[in-house]
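Student: What follows is a structure written as structure tokens; I'll ask about it next.
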Amino acid sequence: MTRNRTAAGLVLGAATVTVGLIAGVYYIFACCMMPALARSDDRTYVQVMNDVNDVIQNPLFLLAFLGAPLLTAVSAWQLRDQPCRSWIWTALAAYALGFLTTIAFNIPLNDGLSRATDPATAREHFEDAWVTWNAVRAGVSVVALACLARGSVLYGASARRAAHPGPSGA
């Protein structure tokens, strides 16, 4: 396997891992965090969400959150002439949709919640909208992950064929 194929495979693998990490974060919010918080009183709900929104802004999370689209874009470019390219480009589009959903909806809702003075009003404005937009970004992130996984399988198969070509004309 050539150095370029190895590098492309590593970038594709890193993109898959980072997208998977982010999809996992959104999934955990959808199936665990938000249902658990729904059982809380308004003041606790707002305080915990504000605490989560504060601590999630850390280098490890940001590395995956920003690394996922960057690595996926680099992979899409590196593999632009490979049979798996449409899967990688579709993954990039899906992840970009989730990224934009976060920027356009979830973060502004988080910012509004952090400025709220009345927990009951804040929760009423925040909860349903945030849960809905989180479901959207979770869904498209899982689609991106599935596309990267499929692209990885196809890329691996093409790498094996390139390393072990069959008889000429076969």
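Student: Taking only segment 104-123 into account, find how many residues are without any contact (Cβ under 8 Å) to a residue 60 or more places away in the chain and farther than 18 Å from Ala30 by Cα.
Tutor: The qualifying residues number 8.
Student: Tell me, please, whether a residue that is under 21 Å from Pro69 (Cβ atoms), modelled with pLDDT of 95 or more and open to solvent by less than 70 Å² (accessible area, probe 1.4 Å) can be found in segment 126-135.
Tutor: The answer is yes; a qualifying residue exists.
Student: Would segment 67-83 turn up any residue that is open to solvent by less than 40 Å² (accessible area, probe 1.4 Å), in contact with a Gly (Cβ under 9 Å, 6 or more places away or on another chain) and closer than 20 Å to Asp111 by Cα?
Tutor: no
Student: Hey, another quick one. Which of the residues that make up segment 48-62 are of a type outside the set (A, V, I, L, M) and touching a helix residue (DSSP H, G or I) at 6+ places or on another chain (Cβ under 9 Å)?
Tutor: Asn50, Asn53, Asp54, Phe61
Student: For a quick check of your reading of the model, give me the residue pairs whose first member lies in segment 1-22 and is over 15 Å from Arg150 (Cα atoms) and part of a helix (DSSP H, G or I), whose second is modelled with pLDDT under 95 and open to solvent by less than 80 Å² (accessible area, probe 1.4 Å), with beta-carbon atoms closer than 6 Å and at least 6 apart or on different chains.
Tutor: Arg5/Ala159
Student: Tally up the residues in segment 39-60 that are of a type in the set (Asp, Glu) and surrounded by 13 or more Cβ atoms within 10 Å (Cβ to Cβ), please.
Tutor: So the answer is 1.
Student: Pull out all pairs, ordered by first then second residue, where Cβ-Cβ is under 6 Å, the residues are six or more apart or on different chains, the first lies in segment 128-148 and is under 15 Å from Ala15 (Cβ atoms), and the second is part of a helix (DSSP H, G or I) and of a type in the set (S, T, N, Q).
Tutor: Pairs that qualify, where the first residue is under 15 Å from Ala15 (Cβ atoms) and the partner is part of a helix (DSSP H, G or I) and of a type in the set (S, T, N, Q), are Cys147/Thr90; Leu148/Thr16.
The values are calculated or read from the model by the stated rules, or taken from the named source; none is laboratory data. Nothing here was measured: the structure is a model prediction, and the numbers come from that model. As a convention, Cβ positions derive from the backbone with ideal geometry for all residues, glycine included, and neighbour counts pool all protein chains shown. Protein only, heavy atoms only, side chains kept; ligands, DNA and RNA dropped before computing areas. Shrake-Rupley method; radii C 1.70, N 1.55, O 1.52, S 1.80 Å.
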